[in-house]
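The structure appears below as structure tokens.
The values are calculated or read from the model by the stated rules, or taken from the named source; none is laboratory data. Predicted, not measured: the structure shown is a model, and the values here were computed from it. Here the Cβ positions follow ideal geometry from the backbone for every residue, glycine too, while neighbour counts run over all protein chains shown. For the accessible areas, the whole protein counts, side chains as well, though only heavy atoms, and no ligand, DNA or RNA atoms are used. Shrake-Rupley method; radii C 1.70, N 1.55, O 1.52, S 1.80 Å.
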Amino acid sequence: MSITKPKESEFTVINEMKKTLRFDLPASFVVFLVALPLCLGIALASGAPLISGLIAGIIGGVLVGFLSGSEVSVSGPAAGLAVIVASSIQKLGSFDAFLTALVLAGFFQLLLGKIRAGVIGNYFPTSVIEGMLAAIGIVIVLKQIPHAVGWDNQFEGEMSFISGEENTFSSILIALKFFTPIAFLISLLSLFILIYWEKILSKKFRMLTYLPPSLIVVFLGITINEISKIFFPAFQLSVEKNQLVSIPDLMPIGNVLEKLHFPDFHALFNKETYIISLTIGIVASLESLLSLEAADKLDPYKRISDTNRELRAQGIGNIVSGLLGGLPITAVIVRTSANIYAGAKSRYSSIFHGLLLLISILTIPFVLNKIPLASLAAILIVVGYRLGKVKLFVGMFRAGNSVFIPFIVTVLAVVFTDLLIGIAIGSVVGFFFVIRANHHSSVTMVSQDDYYLIRFNKDMSFVNKAELKECLIQIPDKSLVCIDGTKAIFIDNDIYDVINDFQESAKYKEITIETRNIHSKELPLFNIRNPRISDKNISKQTAENGKL
């Protein structure tokens, strides 16, 4: 009888799992608790079957988690796509038709990964990404306050400032009118445990280091509510008041199969299907890339994620989700930040959270439906606080206006609009400061008598046109001008056009021009447009008939 030995690569995987398991398992439980109500809430807001949110959460955790370009990123249904999904279902006429568009969107994302479009995520300024994280932290805290006091009529996972007739602040004021003592007590005790568990309790009692505080918080919430049912029934938390987790009963297994939806491929003959698929593909890809960039910022090991691999993973995830009746999947920052702050070390945390979703909804929905949303609110409030610490704002302020202004604009824009709009506004402001920085440091001009030296201090692009023109317009008639491009490795086509135009006008002003190391520094693609400048020691451009 022969015994097959595991391959060396298998040993490596097993050893890596053993090293990180004690960190990844507790973290996966935290992410599972956070993801569960989010999956259901986003499905509800999307006008889709509740099971579609759970399917997307499972596929995002297990499949995308395995294929992802990041070790700590978590994927699942995204609140930012809820409005797009809801309107798309209406346009196409059914959820099954929408699933066809989702499958196409997945193939589009695969194409983006193939052509290496993941590099787009690297062009968002760091101050904007930091602002996005801080803003999400603030939004998480504000959105969880209603749950913490026992009332909320918005869907779980809503991140937009305005939702229906209410906004973030008005929802808090309304929630305070429906203040529930038991919910507030659970939130208060949960916050105390989450804040002081690692700082004080686990240091005094070594055994407590092996118990995740989030698990204690959940069981504490269940216990307090069950006791209130016996002694204070008037104050107990209930599903009807949207105060507990609410999972549909999927057992026996036949119920699951009956509730699954599959793509209606007749939608391929509808042009709206292709427009919707492109919209979902672009928005989902952008949100995933932004979340991935944020995850790398939060990762304590500062690992650099493969963005193109991430796009391919998201594409495969959305194809499978569409085929099985799930919602669109993206990398999501709320679950990712909860994962990182819970101590996750590798992708196994995301995979385990997906498996926990699958196992729990099939086996113990009656237990999960006893979890107070106030307990989960406390967990998310702590995550939100860590994302938007005061220390971060102070550090950004001290870094100067070019960093702080894009940062604070992004924070305000995300808090008072939504994630994608806020990022767009913050990026525009951030790019303005990038252009401004390049504009003021790219060209130097000095003069002595009638001799002028214009030196390019670095590469010259179209953003430097204005500064170069300002220098050239100051040069008087009958001058000698030297344009030195020694320090520039690249000179944009637009800069050559400015120099060419100046050479033409110099003929009528008796200006003599000398160029140094200017020739052939543009991209070859643009060489066909105009004859380029030849570097000569002295290139005299004087007018035959005097000045114009």
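For this structure, a couple of remarks:
- Here the calculated FRET efficiency for residue 259 and residue 279, from their Cβ-Cβ distance with R0 = 22 Å, stands at 0.25, rounded to the nearest 0.05.
- Normalised per residue, the accessible area of the chain is 48 Å², obtained with a 1.4 Å probe and no contribution from ligands, DNA or RNA.
- Note on surface exposure: 330, 486 rank 486, 330 by accessible area, highest first, 1.4 Å probe.
- Farthest toward the positive end of the dipole of the chain, out of 38, 149, 187, is the Cα of 187, where the dipole comes from beta carbon charges about the Cα centre.
- Protein accessible area in the stretch 226-341, 1.4 Å probe - carbon and sulfur %: 67 percent
- Taking every C-alpha pair closer than 8 Å and separated by at least 6 residues, the mean separation divided by the residue count of the chain gives a relative contact order of 24 percent.
- Shape category assigned to the stretch 12-158 from the gyration tensor of Cα positions, a/c cut at 1.5: rounded
- Under 11 Å from a label point set 7 Å out along the Cα-to-Cβ vector of residue 166, no amide N atom of the stretch 43-66 is found.
- Estimated Rh, the stretch 36-101: Kirkwood, alpha-carbon pairs, angstrom: 12.3 Å
- Assuming charge only on the beta carbon of Lys and Arg (+1) and of Asp and Glu (-1), the dipole of the stretch 39-170 about its Cα centre is about 480 debye to the nearest 20.
- Neighbourhood charge, 12 Å Cβ-Cβ cut-off, centred on residue 219 and excluding it, Lys, Arg +1 and Asp, Glu -1: 0
- Over the residues of the chain, the helix contribution to mean residue ellipticity at 222 nm works out to -19000 deg cm²/dmol, using -39500 (n - 2.57) for each DSSP H run of at least 4.
- Between 248, 319, 288, the Cα set farthest toward the positive side of the dipole of the stretch 206-327 (charges on each charged residue's Cβ, about the Cα centre) is that of 288.
- Accessible surface of residue 455, taken over heavy atoms with a 1.4 Å probe and every protein chain present, rounds to 80 Å².
- With contacts taken as Cα pairs under 8 Å and at least 6 residues apart, the stretch 67-182 reaches a relative contact order of 22 percent.
- Considering only beta bridges that DSSP places wholly inside the chain, some 55 percent are antiparallel.
- Extreme residue, positive dipole direction of the chain, given options 134, 197, 485 (C-beta unit charges): 197
- Exceeding the 18 Å Cα-Cα cut-off - candidates 241/370; 114/302; 487/507; 469/509; 229/370; 114/297: 114/302; 487/507; 114/297
- Computed over the chain, the ratio Rg/Rh where both radii use C-alpha atoms and Rh is Kirkwood: 1.11
- Fraction of accessible area attributable to carbon and sulfur, the stretch 51-194 (%, probe 1.4 Å): 69 percent
- Exposure check, 1.4 Å probe, all protein chains in place: residue 141 carries approximately 40 Å² of accessible surface.
- With all protein chains in place and ligands, DNA and RNA left out, the 1.4 Å accessible area ranks 96, 492 as 96, 492, largest first.
- Entry note, the stretch 423-525: relative contact order of 26 percent, from Cα contacts under 8 Å with a spacing of 6+ residues.
- Cα gyration tensor, the stretch 84-123 - rounded (a/c under 1.5), prolate or oblate: oblate
- Restriction of the chymotrypsin sites (Phe, Trp or Tyr not before Pro) in the stretch 126-187 to DSSP coil positions whose beta-carbon has at most 16 other beta-carbons within 10 angstrom yields 178, 179.
- Using θ = phi - 60° in the Karplus curve 6.51 cos²θ - 1.76 cosθ + 1.60, the 3J(HN,Hα) couplings for the stretch 395-410 round to x, 5, 5, 6, 6, x, 4, 5, 9, 5, 5, x, 5, 6, 5, 5 Hz; x is entered for Gly and Pro.
- The stretch 342-415 - percent of accessible surface contributed by carbon and sulfur, probe 1.4 Å: 73 percent
- Rounded to the nearest 10 degrees, the angle from helix 271-298 to the longest Cα principal axis of the chain is 90 degrees.
- For residue 459, distant residues with modelled amide H under 5 Å away: 489, 490
- FRET efficiency for residue 230 and residue 200, using Cβ-Cβ distance with R0 set to 35 Å, rounded to 0.05: 0.65
- Given a 1.4 Å probe and the protein chains as shown, residue 497 ends up with an accessible area of around 20 Å².
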